[in-house]
Amino acid sequence: MKYISTRGQTEPKTFSEALLMGLAPDGGLLMPESYPHVSEVTLYEWRQLSYPQLAFQIISLFATDIDSADLQAIINKTYTAEVFGHAEIAPVRRLHDGICIEGLSNGPTLAFKDMAMQLLGNLFEYVLGREGKTLNIIGATSGDTGSAAEYALRGKDGINVFMLSPYGKMSAFQRAQMYSLEDRNIYNIAVEGMFDDCQDIVKALQNDELFKAQYHLSTVNSINWGRIMAQVVYYFKGYFAATQSNEEKVSFCVPSGNFGNVLAGHIARMMGLPIHRLMVATNENDVLDEFFKTGLYQPRAAAQTYVTTSPSMDISKASNFERFVFDLVDRDSSEIELMWAQVGAGKGFDLSRVLDKIHEQYGFVSGKSVHADRLRTIAEVYADDRQLIDPHTADGVKVARELRETGEKVVCLETALAAKFADTIHAAVGEDVVIPRPAKLVGIEDLPQRVQVLPNNAAAVKMYLKEQLGE
Ligand SMILES: *Cc1c(COP(=O)(O)O)cnc(C)c1O
């Protein structure tokens, strides 16, 4: 399997190359040159498989330049009950009204990003080791992505992680999660500024070609192909868990921000998984909802992005959306170029002429959930099912209930656990409700913390990297 760029100006890449690459050199995103097709017979056989077995079958179709026995070993050590808190890895449960919830958030940082990041950490270590390379990952986080990356890369050979976070802006739990890691390859940097300042510093370092090359800088952001690939697996798993036979169809409802999660659903559907509809759930930041309703894509600037109580969906320019549009325009790179030139100029584009195709052929629909919906849905699920769901999952459940048609089976993806968002949960169900926290995270706030506070400028961060890396 080779990987091509949505912009069409990059030589096809191997899986290992795609794995270590962020944006393609032409500014596009890497996509498999074609989707493997899963036959009825294969689908029938896959129903019996455990999560790691299924992951191996699916990932083998994409990671074709990794030795098969090695890939099996990497997957087996990634998807364990110990790491994911559950023998099934992604257990599916049913609410009283029939909506299913697929639990993707029982990993180390209690959010679905662990599902892909844990595999990515092991794949990175393997590929770098094979090629005798080292990599210094640099990133900015407001909490969630950074901790998922740190827990995936801690203790790995050939990799250091420099994670910038805004000083004093994260919750006590988030700080504890990141800063209590004692691994020597994890460097937490608290910048005296906001999240956007952290991001600007990362960009400045990335744009310094000399520094970037000398210090082998890289990132693990949401556009990494390896993350999308790993996410395809749990759509298959969720489908099998929610159905009795492959005659049935299932719809998935996905709380969305950067469009990485639901894109994996699109790929599973293209591979032949009997998915009926893909429901994109947004919060108040509803650029995607607008697109799937009208065909108009009008991304907004950071200043017009609301801060909400489902913060991981506070995104107005979904970085993975280009990959779906690439399929939508029948992989015409010149059209993608034109459309994203418009986006770059602060405008959007109009695909209303293919709205039918978006709905009928690709099965996409959408809905929106706002703060009041979120609180109500959390309270309803607590009252009816005695379960606490997190605010992002609540956005998904709200939209799933709204869009579901008679007889339609819907699996809603659980993208985080309630324990991460105590304030909103208490606002929904009352202060005296005890929010369960996994045993390994009890008392985490009391552990010693390691963090370097630095002034808000790129030069200070560069200096710190040089000192630590001693080159
Ligand atoms: C990242 C994240 C999302 C959004 O996922 P995308 O792949 O960016 O669409 C939703 N919920 C939670 C809790 C997340 O951490």
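The values are calculated or read from the model by the stated rules, or taken from the named source; none is laboratory data. Because the structure is a prediction, the values reported are computed rather than measured. Cβ sites come from the backbone with ideal geometry, for glycine too, and all protein chains shown count toward neighbours. Surface areas here come from the heavy atoms of the whole protein model, side chains and all, with no ligands, DNA or RNA. Shrake-Rupley method; radii C 1.70, N 1.55, O 1.52, S 1.80 Å.
Between GLN244 and SER34, the C-beta separation translates, for a Förster distance of 35 Å, into a calculated FRET efficiency of about 0.65.
Net length available on complete extension from LYS357 to SER334 is 6.3 nm, with 0.36 nm assigned per residue and the Cα-Cα distance removed. Using the beta-carbon distance between ASP196 and GLN9 and R0 = 25 Å, what value does 1/(1 + (r/R0)^6) give for FRET efficiency, to the nearest 0.05? About 0.25, to the nearest 0.05.
Using the Stokes-Einstein relation with a Kirkwood hydrodynamic radius computed over Cα pairs, the translational diffusion coefficient of the chain at 20 °C and a viscosity of 1.002 mPa s comes to 94 µm²/s. Computed extension gain for THR294 through GLU408, at 0.36 nm per residue and net of the alpha carbon distance, reaches 38.7 nm. Projected label points at ASN457 and ALA204, each 7 Å from Cα along the beta carbon direction, are separated by 0.8 nanometres. The shape of region 70-205 comes out oblate: with a ≥ b ≥ c from the C-alpha gyration tensor, a/c is at least 1.5 while a/b does not beat b/c. Can you send over the carbon and sulfur percentage of the accessible area for the chain, probe radius 1.4 Å, protein chains only? Summing carbon and sulfur atoms, their accessible area is 50 percent of the total for the chain. Rolling a 1.4 Å probe over the heavy atoms of the protein chains gives the chain an accessible area of 40 Å² per residue. A full extension of the chain between GLU88 and SER50 corresponds to an added length of 12.9 nm, given 0.36 nm per residue minus the alpha carbon distance.
For region 379-450, the ratio of Cα radius of gyration to the globular rule of thumb 2.2 N^0.38 Å stands at 1.34.
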